[in-house]
1. Can you give the relative contact order of region 293-377 as a percent, counting alpha carbon pairs under 8 Å and 6+ residues apart?
2. Given R₀ = 30 Å, FRET efficiency for Val343-Arg290 by Cβ-Cβ distance, to 0.05?
3. Fewest to most neighbouring Cβ within 10 Å: what's the order for Ser303, Ser316, Ser185?
4. Please find the FRET efficiency linking Gln306 to Ala242, where r is the Cβ-Cβ separation and R0 is fixed at 45 Å, and quote it to the nearest 0.05.
5. Averaged across orientations, what area in nm² does the convex hull of the alpha carbons in region 271-378 project?
6. Quick check on region 222-285: take the gyration tensor over C-alpha atoms, sort the square-rooted eigenvalues as a ≥ b ≥ c, and tell me if it's rounded (a/c under 1.5), prolate or oblate.
7. Starting from the amide H of Leu184, placed 1.01 Å from N in the peptide plane, find each other amide H under 5 Å away whose residue is 5 or more places distant or on another chain.
8. Could you tell me which of rounded, prolate or oblate describes region 213-259, using a ≥ b ≥ c as the square roots of the eigenvalues of the alpha-carbon gyration tensor, with rounded for a/c under 1.5 and, failing that, prolate when a/b is larger than b/c and oblate otherwise?
Amino acid sequence: MDNRARGRRLARRFAAAAACVLLASCATLAVDPPPVPPLEGHARFDIESIEPLSLSTEMKQYVAARLGSSAQDPERAWHLAYGLLDPWMFPFEYDPRVTLTAREAFRTRRGNCLTFSNLFIAMAREAGLQAWYREVEIPPEWSSVDDTLLVSMHVNAAMSDDDDVYVIDVSRREEKPGDRVRRLSDREAEAQFYNNLGADALVANDLALAHAYFRKAVATEPRLPYVWSNLGVVLRRNGQTADAMLAYETALQLDPDSTVALNNLYTIYDEDGMSVQAAKLQARVERNRRRNPYYLHHLAVLSAEQRDWQEAIAYSRRAIELKEDEYRFHYTLAQMQFQAGEVAAAESNLAMARLLAPPSVNPAQLTLPGELPSPGES
């Protein structure tokens, strides 16, 4: 049985969620989405509207203190940016998993790129500057949280002062020539805010709360393909296969290149025996999966089950090329190299796995030989 066939055992669902999620929105087509299917077996409740850009009195005081009476100061944009990005003046902890409003971000001094953009845009507008959200199209970044694979993309803020435009990015990412950027409306950014909170609920397996947040995102901006993909994940987990298919198909109508929707719709076709429909998508799905490091890691583990150590090593190395900071990839590679007799290389990757392991993992428990992760633990 080859890895393509064995790969069908991959039970994960891919969620376009968390951190700063912006999946090819510029490719959205003029489609009228259907009503959101209800979540069966759960009481319906609605999410109240949130104002991500509302300011507190303390925030207004901070702007006034930083800029004073410098309404005509040609460097006021620089002064505000410096006041929020200098860690000595405004210590802000970048956390890609935390989505907050501007008020919450100012109070807690932490959050992801959407959070900081909320904070900065709100304060820049308070200072009388033009400011807006920007989508930055970068290669998808995959991460694994509990039983959900998350794909994160990027948003930052921009402001103008007279003829000068400044880009503010809390992640300190430097834009490269050829990067594609797009100005986002406040409405779309608000929808992304609800989407991220829905993703947090999805990771916690609170389907009712996730469904409510995604519904709110659709009500705010109906034509975001990644929101419909996430709705599909919720509906599928709730056993509503037909409704999940509708959600994924809607996402693909909005964005025919939606990797998440394509993968998850193919998984339904494959698992439920719809071979004709699955065959139409298989080639595209396989190309996309080869760019997903967690899927490659899954194939490595499947190869190890067959004791094909060299194939397993090759898959692990490809996964590491795509995401070199994932300790599990290095640990799995170390185990496979040890089994293949490549002891020195195994010890080197074990050391890297220990170095990259998060605080929740005791490095001393990462040993050679050790237990290989099961395919479901990618």
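1. After rounding, I find 28 percent.
2. 0.50
3. Ascending number of Cβ neighbours within 10 Å: Ser185, Ser303, Ser316.
4. 0.80
5. The orientation-averaged projected area of the Cα hull of region 271-378 comes to 7.5 nm².
6. Because a/c hits 1.5 or more and a/b fails to exceed b/c, region 222-285 counts as oblate.
7. Tyr133, Arg134, Glu135
8. Since a/c reaches 1.5 but b/c is at least a/b, the shape of region 213-259 is classed as oblate.
Every read-out reported here was derived from the displayed coordinates using simple, explicitly stated rules and does not represent laboratory data. Keep in mind that this is a model prediction, so the values were computed, not measured. Heads up, the Cβs are rebuilt from the backbone with ideal geometry, glycines too, and the neighbour counts pull from every protein chain shown.
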